[in-house]
Amino acid sequence: MLYYKELNEFLTEIELEVFRNDGIIYDTFVCDRILAKHNTNIYIKNVLPVDKFYDISYNPETINRFIKTPTIKVVFKEQHNFNRFIKFIEDNTNKINELKITYKISVSNEEAPPFKNNNYTCYGLLMDKNTIYYSNNTGTPYDYVMTDELDKKIIDDIINKRTQYIRGFHSNNEIFNDIYRMIKDGWKITNLPYEIIPNESFSEFCPICLEQLIVRDTEIVKLYENVFYKTKSNSYKIHHDCLVKFFKTQQKKIFFKCPYRYVIDFNSCKYLIDYKIIHNN
Ligand SMILES: [Zn+2]
């Protein structure tokens, strides 16, 4: 509890120092900051106890109200600003080590972060002293979108913890593991190689546990033989948790197979990214 309080107070200090020196913050920190602001507002609105704010077991609904990942990435356009910030880091080395903060600092006056390197669409936002905006250097079609509708869409996605996997891992199993790390952290990944469908009353049985789909309170997945042509493809339903357990038995395989032998390849996520600006849900 004390750790998170100190961490967040110091991250705010770092943030102010970045802005004082005209820096740009990118990657996971921007996303974490948006979630923290949004959830803090809810926490305050509900008049929840101030002394439990940093208690990680208190009020899980707003648990993103403070930042838990001690990582910050910053870019400066000018060398002298970079130098000034390095001086600040040096002056605070003890505190940074104590709080286990990792950082990446660079100078670039030509290319914008995240340098076509963001793993998920939500990590393409940049934060400077004035505003939060989507980068035009994500290596995706979003780079050609010039309206601020995109910024709004991504911020709305973040607040609802929706995002799409872009890149960063190579094998099917590595992508699967990273995506499920995000899912465990409460994210909905909207370009999975299958569909998570509303938990309605289905009479079918799960081919893994052989129970009726609706018996347990769990997510239900629709698997497609050809996920690129859903309307024409064979498909069936299965428990989400049963499917994940089944995949975990195949970690050494190049791609997964479902109980009915459909190929499930997490490499196909990148072809399932939906770059629409307006979100329909
Ligand atoms: Zn099952």
Treating only the Cβ of Lys, Arg, Asp and Glu as charged (+1, +1, -1, -1), what charge dipole size does segment 2-163 show about its Cα centre? Round to the nearest 20 debye. 300
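Give me the extension gain from LYS45 to GLN251: residue separation times 0.36 nm, minus the current Cα-Cα distance, reported in nm with one decimal.
Numbers: separation 206, 0.36 × 206 = 74.16 nm, distance 4.49 nm.
Fully extending the segment from LYS45 to GLN251 adds 69.7 nm.
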Name the residue farthest towards the positive end of the dipole of segment 194-264 from the options ILE264, ASN234, ILE220, assuming +1 on Cβ of Lys and Arg, -1 on Cβ of Asp and Glu, about the Cα centre. ILE264
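Nearest 20 debye, what's the magnitude of the dipole of the chain about its Cα centre given +1 on Lys and Arg Cβ and -1 on Asp and Glu Cβ? Walk me through the numbers before you get to the answer.
Details: 38 positive and 37 negative charges, 154 e Å.
I would put it at about 740 debye.
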Projecting the Cα atoms of ASN92, PHE247, THR138 onto the charge dipole of the chain, where Lys and Arg contribute +1 and Asp and Glu -1 at Cβ, the residue farthest towards the positive end is PHE247
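Every number in this text was worked out from the coordinates using simple rules, so none of it is lab data. The structure presented is a predicted model; accordingly, all values stated were derived computationally and were not measured. Backbone-built Cβ (ideal geometry, glycine too); neighbour counts: all protein chains shown.
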